[in-house]
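Participant: The structure's right below; bear with me while I get my questions together.
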Amino acid sequence: MEIYSAEQAVPSPKSTINAYRSFGYNLSTAVADIIDNSISAGADRIFLDFEWKGKDSYLSILDNGVGMNRDELVLAMTPGSKDPEESRAANDLGRFGMGLKTASFSQCRKLTVISKKTGFNTIKRCWDLDFINSINSWILLDFVSDESFIKKVEEQKSGTMVLWENLDRLVGDSSSENETVQRAFFREMTQVRDHLSLVFHRFIEKKTVKLFYNGEEIEPLNPFLLNCSVKPEMGATEYFDNAEVTYFILPHMSEIPREEYDKTGGSLGWFESQGFYIYRGDRLLVAGDWLGLERKRDYSKLARIAVNFGNTGDFNWNLDIKKSTATPPLAIRNELSRIAKIAVQKSAKIYNWRGQKTISAEMPGKVEPLWKDEISRDGIKKYKINRAHPVVSLLLAKDDGLFKSFLKMVEDNVPVELILSNQNEDPACHELEKQSLIPPDNLINLAVELFTVQTSQGVPESLARQQIMNSMPFNQFPIINDYLK
């Protein structure tokens with residue numbers, strides 16, 4: 001193509017480096033991108049430290065990886081330093097050679113990297129956006145704002161520190177006395193910790209990496225509740241191309257201790273967290289998304305599906321620079337859709353029935369609910385008391401019209417708005433209700449009385465027992481059957 005060559009079009013440093021600030025990172029995804037580089041460098045201990053000092057606040061990420069010499073550091077600081085089509089080591093979480101720069105510039109105006117490699121001197125390089133804007137040239141600085149940062153790196157055998165200063169996107173030009181910005185700063189940092197505990201949970205669980213947050217070790221947040229006291233149902237792992245897929249069906253919320261339930265996000269968190277979890281080399285990319293194969297519903301919020309692929313599948317999954325979105329290849333979308341439908345059906349069965357025990361195998365026949373829903377002529381959903389329920393049927397048989405009027409009044413005044421209001425304000429008030437294994441005495445007495453009335457009217461004992469035990473809420477307590485004699 002040389003015969004067609006014309007001019008060399010060199011991008012403006014000022015406009016280009018400022019464009020790198022608009023890749024759509026937030027603080028959490030930006031920090032995670034830096035930690036990817038630490039893991040790729042073989043680090044097993046990574047320290048996230050930060051300090052609130054108003055406009056002079058900083059954030060640093062120090063690892064004990066292999067470190068870099070001068071040439072390697074300059075290359076790492078150069079935008080687009082790696083060919084995305086090159087083969088990568090299995091533990092390499094990078095792809096485009098852009099993450100260090102784009103993630104850092106999205107949050108700060110001064111990026112300093114300090115590195116020590118075994119057998120080499122500790123070195124430092126700095127990108128200062130204000131300096132670049134003033135001279136409009138790609139000039140790296142041999143600079144660090146405080147020598148104490150170099151000492152932290154030199155104390156290790158090898159490793160690298162990424163230092164963010166001039167955090168204009170987070171703290172702006174605020175003073176250290178600005179309590180509003182200070183609260184926002186620490187709130188963002190808390191979100192970073194929670195994000196890291198989820199994104200890197202597999203590394204932490206396997207003990208291949210330890211993450212520290214201002215000196216405190218970060219605990220893993222397993223989205224499938226594998227580290228909770230009540231375990232999920234786990235499907236068989238299936239393999240498609242270079243991806244492995246496993247579905248998990250969480251237990252009903254009422255089975256989870258309240259402390260663990262709150263820690264995993266509560267009801268609203270569970271609703272948003274349903275769906276696929278896409279991992280690349282055990283690093284979580286996408287959390288809680290149905291990828292257009294299903295939609296989020298209340299009854300499907302117990303379904304979560306893990307998909308893990310190696311870094312050789314980046315282009316097949318349309319992985320973006322931020323590593324926050326991924327699209328499954330067409331070749332396996334049908335298989336993922338099939339697994340999603342299985343998971344949703346299983347979730348719906350548990351969510352709708354709350355795992356309630358029945359003795360339908362012993363008492364064949366359909367279960368009579370106490371409530372039924374109907375659609376009116378106007379298309380409005382109405383809730384009706386089931387007239388076929390044995391208790392209701394018995395009372396109607398003795399009724400002179402008053403009980404029927406009472407039922408109609410109850411049905412016309414179902415407190416739907418109150419229920420929805422309570423559900424929106426605190427979903428846990430309904431979902432965490434424990435299902436006792438022992439029936440209350442009044443329910444046992446009601447079943448016995450109903451059995452006595454039916455058998456006295458000539459109904460065979462076996463049929464009377466079946467009708468009672470196949471009715472809500474008697475069917476939730478198999479032991480009631482022992483009292484029907």
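The values are calculated or read from the model by the stated rules, or taken from the named source; none is laboratory data. In this text, all values refer to a predicted model and were calculated from it rather than measured experimentally. As a convention, Cβ positions derive from the backbone with ideal geometry for all residues, glycine included, and neighbour counts pool all protein chains shown. All accessible areas refer to the heavy atoms of the entire protein, side chains included, with ligands and DNA or RNA removed. Shrake-Rupley method; radii C 1.70, N 1.55, O 1.52, S 1.80 Å.
Participant: Can you pull out the GluC sites (Glu not before Pro) in the range 123-159 whose DSSP state is coil and whose Cβ has at most 11 other Cβ atoms within 10 Å?
Facilitator: On the way: sites: GLU147, GLU154, GLU155; in loops: GLU155.
Those satisfying the criteria are GLU155.
Participant: How much accessible surface area, in Å² rounded to 10, belongs to the heavy atoms of LYS341 with a 1.4 Å probe?
Facilitator: Surface open to solvent at LYS341 totals about 100 Å².
Participant: Averaged per residue, what accessible surface does the chain expose to a 1.4 Å probe, in Å²?
Facilitator: Working: 25090 Å² over 485 residues.
Ligands and nucleic acids excluded, the figure is 52 Å² per residue.
Participant: For the chain, what number results from the quotient of the Cα radius of gyration and 2.2 N^0.38 Å?
Facilitator: Numbers: Rg = 30.6 Å, N = 485, 2.2 N^0.38 = 23.1 Å.
Working it through for the chain, the quotient is 1.33.
Participant: Quantify, in whole percent, the carbon and sulfur part of the accessible surface of the chain (1.4 Å probe; protein heavy atoms only). Intermediate values should be presented prior to the final figure.
Facilitator: Working: 12980 of 25090 Å².
Of the solvent-accessible surface of the chain, carbon and sulfur hold 52 percent.
Participant: Further question: Go through the range 160-253 and name the GluC sites (Glu not before Pro) that are in a DSSP coil and have 11 or fewer other Cβ atoms within 10 Å of their Cβ. Don't skip to the answer; put the middle values down first.
Facilitator: On the way: sites: GLU165, GLU177, GLU179, GLU188, GLU205, GLU216, GLU217, GLU233, GLU238, GLU244; in loops: GLU177.
Counting only loop positions with at most 11 other Cβ atoms within 10 Å, the GluC sites (Glu not before Pro) in the range 160-253 are GLU177.
Participant: Rounded to the nearest 0.05, what FRET efficiency is calculated for ILE375 and ASP400 with R0 set to 30 Å and r the Cβ-Cβ distance?
Facilitator: Details: r = 31 Å, r/R0 = 1.03.
Efficiency, rounded to the nearest 0.05: 0.45.
Participant: Using DSSP to define loop residues, name the GluC sites (Glu not before Pro) in the range 1-72 whose beta-carbon has at most 15 other beta-carbon atoms within 10 Å.
Facilitator: Values: sites: GLU2, GLU7, GLU51, GLU72; in loops: GLU7.
Taking the range 1-72 and a limit of 15 other Cβ atoms within 10 Å, the loop GluC sites (Glu not before Pro) found are GLU7.
Participant: Still on this structure, I have one more. With runs of 4+ DSSP H residues as the only contributors, calculate the mean residue ellipticity of the chain at 222 nm using -39,500 (n - 2.57) per run, divided by the residue total and rounded to the nearest 500. Walk me through the intermediate numbers first.
Facilitator: Details: 17 runs with 172 residues, N = 485.
Calculated from helices alone, the mean residue ellipticity at 222 nm is -10500 deg cm²/dmol.
Participant: As a test of reading the structure, rank VAL66, VAL144, VAL367 by solvent-accessible area (1.4 Å probe, protein chains only), most first. Walk me through the numbers on the way to the answer.
Facilitator: Working: VAL66 85, VAL144 15, VAL367 45 Å².
Largest accessible area first, the list is VAL66, VAL367, VAL144.
Participant: Pairs to check: LYS53/LYS231; LYS117/LYS207; LYS124/LYS207; LYS124/LYS210; LYS210/LYS296; LYS404/LYS485. Give those whose C-alpha atoms are more than 32 Å from each other in this structure. Don't skip to the end; give the middle numbers.
Facilitator: On the way: LYS53/LYS231 44 Å; LYS117/LYS207 24 Å; LYS124/LYS207 30 Å; LYS124/LYS210 25 Å; LYS210/LYS296 34 Å; LYS404/LYS485 30 Å.
Result: LYS53/LYS231; LYS210/LYS296 exceed 32 Å.
Participant: In the full protein assembly as shown, how much of LEU140 is accessible to a 1.4 Å probe, in Å² to the nearest 10?
Facilitator: Roll a 1.4 Å probe over it and LEU140 shows about 50 Å².
Participant: Once you put a point 7 Å from the Cα of ASN442 and another 7 Å from the Cα of ASP142, both along the Cβ direction, what distance in nm separates them?
Facilitator: Result for the modelled spin labels: 8.5 nm.
Participant: Taking the alpha-carbon set of the range 195-352, what are its Rg and Dmax in Å?
Facilitator: Expressed in Å, the Cα Rg and Dmax of the range 195-352 come to 15.4, 45.
Participant: Kirkwood hydrodynamic radius for the range 225-282: how many Å is it when counted over pairs of different Cα atoms? Write down the numbers at each step before the final one.
Facilitator: Working: mean 1/r = 0.0774 Å⁻¹.
With all distinct Cα pairs of the range 225-282 included, I get 12.9 Å.
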